[in-house]
1. For Gly101, state whether it is closer than 26 Å to Gly131 by Cβ and at pLDDT 70 or above.
2. Return yes when Pro161 is modelled with pLDDT of 95 or more and not in a helix (DSSP H, G or I) and no when it is not.
3. Pairs needed: first member in region 151-180, under 25 Å from Leu104 (Cα atoms) and among the basic types (Lys, Arg); second member anywhere, assigned to a loop (DSSP other than H, G, I, E, B) and open to solvent by less than 30 Å² (accessible area, probe 1.4 Å); C-beta distance under 6 Å; at least 6 residues apart or different chains.
4. Inspect region 135-144 for any residue being touching a residue at least 60 places away in the same chain (Cβ under 8 Å), within 20 Å of the chain's Cα centre (by Cα) and under 29 Å from His73 (Cα atoms) and give the result as yes or no.
5. Would you please name the residue that is surrounded by the most Cβ atoms within 10 Å (Cβ to Cβ), looking only at residues in region 57-110 that are part of a strand (DSSP E or B) and not aliphatic (A, V, I, L, M)?
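The values are calculated or read from the model by the stated rules, or taken from the named source; none is laboratory data. Predicted model, so just to flag it, every value in this text is computed and none were measured. Here the Cβ positions follow ideal geometry from the backbone for every residue, glycine too, while neighbour counts run over all protein chains shown. Calculation scope for accessible area: heavy atoms of the full protein, side chains included, ligands and nucleic acids excluded. Shrake-Rupley method; radii C 1.70, N 1.55, O 1.52, S 1.80 Å.
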Amino acid sequence: SDWSSDVCSSDLKRGMLQHPAIEYIGRLKLLPIGIVSAAKPPGFEPLAKIGLLSARMRTFLPAPRVRNTHKGHMRRMLIVGGAGGFPGAAILAGMGALRAGAPLVTVTRPTGPSSILVQAPPELMHLEMPGEPSREWLTPIEDWALAQKPGAPDVVLAVGPGLGTAAKAQDFMEALLSAPWIKSIPLVLDADALNLIAAGRRSRAPRPPARRSP
């Protein structure tokens, strides 16, 4: 949209920028006609303030969406982690995903005596997992991915925040990365997931021959 420097964004009719009216508006121009300043008494503040983004500012926003879209049209996200003494790691990752624009975010929540309950924002959904990370986690994660609404966009899997680096977590990572269905899902590995992969490579690396003492 174009507008004159003499007209501020509060002069816009808000309804013209919202669905469904915006579907019928092409190029919107704001031009001063001589009554804007006279119509506003000193100190006037509109009840509904509107902020306009410049073309440069739009580059920092998520990809454009259909104006009448809703959360069911977009990907679901599952963050796998939050085990042991680090339940907040998965929650923080989930909050970051929400702020970045992900509409439906689920975080794993291990159950059992060692689990720690941390207050999470109500926007985050939870997937209860059996105990600490192990190969047993693979089945509920696969079930979650396959149980999403038929015809909905693909899911996104983020693995690592607060996952831990125990031996069973190492087994889980190896089983996850070798699962056939994981190849068709967008996957983000971070934090402990990277630590586990690096530890696995180090353990499989050939060791140099021991030096003999003279």
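1. On the way: closer than 26 Å to Gly131 by Cβ: no; at pLDDT 70 or above: yes.
Here the answer is no, as Gly101 does not meet what is asked.
2. So Pro161 passes the test.
3. No pair meets every condition.
4. The answer is yes; a qualifying residue exists.
5. Thr108
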